[in-house]
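Have a look at the structure below before the remarks.
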Amino acid sequence: MKKRSQSIRDALTGVYSRYFIEEYLEEELRKAKRFDKKFTLLFIDLNDFKLVNDRYGHYVGDWVLKEMASKILSNLRDYDLLARWGGDEFLALLPEVACIEVLEILDRLYNNAFLVYKDLKVTLSVGYACYPDHGSTIEQLVKEADNSMYRAKSLHKEVKRSIS
């Protein structure tokens with residue numbers, strides 16, 4: 001039983017594991033198709049996380065990952081799922097959220113899910129994909145959410161450069 005729970009939860013952050021969310025997404029897609037439901041995926045990446053590890057070490061980096069996972073979770077609904085996708089990336093599943101509702105959620109995340117540690121401010125870049133608007137398979141939706149996140153990250157870098 002312990003092995004199964006370890007594969008369901010990420011050992012560091014306590015959120016769901018990539019293994020679990022990939023299986024869960026397939027079931028969510030089947031339900032959405034069968035019952036004509038919508039859902040949204042958020043692909044979340046931490047900005048400037050590499051600087052945390054480089055300047056302050058992996059122990060502080062681990063603490064930042066745990067804190068940011070908690071902050072992200074606290075800005076989602078109780079029945080949304082958050083998983084650590086890998087490194088400093090997270091994937092959130094928002095059942096029954098249509099694209100028209102995403103901006104409010106993104107606004108809440110951008111305004112509340114950040115962390116200041118010494119001289120660094122760790123923020124988020126978030127991309128999204130909505131079913132069925134952006135794809136009909138999990139692969140298509142994850143790819144679109146990932147691409148959307150990279151567009152957000154690029155904007156973050158441009159804004160950061162213009163401020164400096």
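The values are calculated or read from the model by the stated rules, or taken from the named source; none is laboratory data. The structure presented is a predicted model; accordingly, all values stated were derived computationally and were not measured. Ideal geometry is used to build each Cβ from the backbone, glycine not excepted, and the neighbour counts take in all protein chains shown.
Select from segment 83-107 the residues that are part of a helix (DSSP H, G or I) and surrounded by fewer than 20 Cβ atoms within 10 Å (Cβ to Cβ) and write down the one among them that is nearest to the chain's Cα centre (by Cα). Among those that are part of a helix (DSSP H, G or I) and surrounded by fewer than 20 Cβ atoms within 10 Å (Cβ to Cβ), it is 106. Considering segment 108-161, the residues that are part of a helix (DSSP H, G or I) and hydroxyl-bearing (Ser, Thr, Tyr) include one that is nearest to residue 98 (Cα to Cα), namely 148. Checked across segment 27-37, the condition of being more than 14 Å from residue 95 (Cβ to Cβ) and in contact with a Leu (Cβ under 7 Å, 6 or more places away or on another chain) holds for no residue. Considering 113, 98, 83, the condition of being touching a Lys or Arg at 6+ places or on another chain (Cβ under 7 Å), farther than 21 Å from residue 22 by Cα and of a type outside the set (Asp, Glu) is satisfied by 113 alone. Scanning segment 24-33 for residues that are at pLDDT 95 or above, under 19 Å from residue 99 (Cα atoms), surrounded by 15 or more Cβ atoms within 10 Å (Cβ to Cβ) and in contact with a Lys or Arg (Cβ under 6 Å, 6 or more places away or on another chain) turns up nothing. Return the residue satisfying two criteria in turn: it lies in segment 139-164 and is among the β-branched types (Val, Ile, Thr) and more than 14 Å from residue 92 (Cβ to Cβ), and of such residues it is farthest from the chain's Cα centre (by Cα). Ranking the qualifying residues of segment 139-164, first place goes to 163. Taken as a whole, the structure leaves residue 42 outside the set of residues that are more than 22 Å from residue 155 (Cα to Cα), hydrophobic (A, V, I, L, M, F, W, C) and touching a helix residue (DSSP H, G or I) at 6+ places or on another chain (Cβ under 9 Å).
Across segment 31-49, the number of residues qualifying as more than 17 Å from residue 149 (Cα to Cα) and part of a helix (DSSP H, G or I) comes to 5.
Every listed requirement among (1) over 16 Å from residue 130 (Cα atoms); (2) hydrophobic (A, V, I, L, M, F, W, C); (3) part of a strand (DSSP E or B) is met by residue 64 save one, (3).
Within segment 132-143, if we keep just the residues that are surrounded by 16 or more Cβ atoms within 10 Å (Cβ to Cβ) and free of Cβ contacts under 8 Å to residues at least 60 places away in the same chain, the residue that is nearest to residue 110 (Cα to Cα) turns out to be 134.
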